[in-house]
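Please treat every number below as a calculation from the coordinates, not as lab data. Just so we're clear, the structure is a prediction, and the values are computed from it rather than from any experiment. Counting neighbours? That spans all protein chains shown, and the Cβs are built from the backbone with ideal geometry, glycine included.
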Amino acid sequence: MNENREHPDFAVLSDLVDGYLSRQDAAVISEHLSACDSCAETYKSIAGLLSSVNSLPGSVLPPDDFWVDLRKSLDERKEVVLPTSSSAASGSVRSTGVRRVSGRMVALLAVAAVVLIALSSGITALVLRNRTGSLLVRGDRPTAVKPGSVASSPVLPAGFRQTENELNRTIEELQLAVDTQRDQLSPETIRTVDRSLAVVDSAIAEARAALTADPNNQMLVDLLSASYQRKLDLLRRTSELGSRT
Amino acid sequence: MTAVPPANGSSDRDDARLIDRAKAGDVDAFEHVYRREVGRVYALCLRLTADAVRAREVTQSVFIRAWDRLESFRGDSQLSSWLHRIAVNEVLVEARTDRRRRARVVLANDRSDEEAGALSDAPNEIGITLPEDTDTRIDLERAISALPPGARTVFVLHDIEGYRHEEISRMTGSAEGTLRAQLHRARQLLVEALSR
């Protein structure tokens with residue numbers, strides 16, 4: 001062991017293990033290691049550490065019920081999927097996108113969304129009863145909208161299809177904007193907005209299904225427009241909240 | 001939780017078929033993707049977060065995000081690599097959010113040593129049960145989970161997952177020099193911890 005030579009620090013030895021040193025530097029340090037037990041020991045411990053890392057399992061299974069919860073979330077998203085104009089054109093699936101907001105606004109938005117769906121359900125039922133003379137029995141959840149089929153649905157009023165395309169384009173832009181602010185909102189906030197958006201999306205899907213069944217009903221057109229507007233407001237406020245945080 | 005061997009290799013054609021079905025809204029097809037990849041994603045999340053509860057939350061977010069973004073997967077990279085990137089991004093985003101939250105709490109409590117808090121909060125057990133309970137592996141997992149967050153992230157990404165510094169720099173937004181310094185620190189702390 002040569003006590004007179006300067007000892008390389010840990011970082012240099014670490015770089016040597018990684019092969020990050022120049023050939024010349026590596027040769028100098030290697031020469032030192034051959035004469036210095038202490039540094040050689042440190043070098044070996046770093047190499048040993050990296051060797052141990054290779055024995056760690058690359059895969060670890062989560063709890064058994066993990067997929068069940070995940071599946072539930074995916075099914076909920078699937079049920080409220082509404083393709084945008086662009087995805088409809090390409091025939092691809094579009095998700096409900098980003099869903100968050102925060103603080104008291106979150107609570108208000110959540111309440112607003114629940115009120116919206118209650119109102120829209122009631123109005124939809126009322127409209128349909130007036131049309132058919134008997135109350136339409138609806139399922140607990142709106143029928144899933146098949147991806148890619150919404151904007152080109154043959155039974156939706158042609159005038160509204162254009163409006164819906166424009167609305168969806170704006171929604172898509174807002175969702176992208178909110179997406180970029182994702183890290184500025186707390187997970188709790190995100191969950192609350194997720195729920196609110198899911199409720200709004202359900203209202204949209206329900207009103208849309210009713211309009212598809214009764215394409216000449218102006219009240220349903222208004223109801224669907226209002227539901228879309230609610231979604232736009234929610235996304236706008238979320239976006240503003242994200243930029244203020 | 002049980003450690004499992006790495007996911008079985010699958011052909012590109014299998015991947016493409018599953019992805020096409022999942023893109024069309026077939027959750028069953030997506031379940032195949034999930035079952036094949038979840039082990040690696042969850043292991044990564046566990047090591048990066050050092051917290052089993054957060055790892056589960058982030059893993060769920062990863063697959064929800066993957067489902068949402070399936071249409072953007074063009075097949076020019078392996079599905080597993082694509083999911084891995086999403087996972088790293090999710091963990092980093094979650095960590096940044098958590099740091100901001102912690103910072104607010106620290107300000108509110110008039111605490112000055114956040115780093116010390118982060119270290120003391122590090123769990124002893126991150127929820128990985130190995131089939132062969134070799135002391136070295138368990139000690140190593142525990143030592144990794146007890147690293148300061150920044151050093152742990154770089155160590156996991158560089159030394160376990162095999163990312164290069166320039167890639168980690170792109171993912172984290174940190175300079176390569178900073179990342180190297182954190183990696184050296186992580187290794188030094190681990191060497192010290194394992195030699196005790």
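Suppose we look only past 14 Å in the calculated P(r) of the range B:152-196. What percent of the Cα-Cα pairs does that tail hold? Don't skip to the end; give the middle numbers.
Working: 440 of 990 pairs.
Of all Cα-Cα distances in the range B:152-196, 44 percent exceed 14 Å.
Restricting to Cα atoms and excluding each atom paired with itself, what does the Kirkwood estimate give for the range A:10-53 in Å? Show your work: numbers first, answer last.
Numbers: mean 1/r = 0.0957 Å⁻¹.
The Cα-based Kirkwood calculation yields 10.5 Å.
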Spin-label pair B:T178/B:R35, simplified geometry with 7 Å Cα→Cβ offset, distance in nm: 4.3 nm
14 Å reach of a label modelled at B:R96, 7 Å along Cα-to-Cβ, counting backbone N of the range B:158-191: B:169-175
In range of the label at B:V27: residues from the range B:68-95 whose backbone nitrogen is under 14 Å from the point 7 Å along Cα→Cβ: B:68
Nonlocal amide H pairs with A:S59, under 5 Å, H built at 1.01 Å: B:V4
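Return B:V33, B:V41 ranked ascending by Cβ neighbour count within 10 Å, so the fewest neighbours appear first.
Details: B:V33 23, B:V41 27.
Going from least to most buried by this count: B:V33, B:V41.
With r defined as the distance between the Cβ atoms of A:K72 and A:D179 and R0 fixed at 22 Å, what FRET efficiency is calculated, to the nearest 0.05? Mind showing how you got there, number by number?
Values: r = 23 Å, r/R0 = 1.04.
Plugging the Cβ-Cβ distance into 1/(1 + (r/R0)^6) gives 0.45.
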Full-stretch length increase - A:E31, A:D9 - with 0.36 nm per residue and alpha-carbon distance subtracted: 6.4 nm
For A:C36, distant residues with modelled amide H under 5 Å away: A:N2
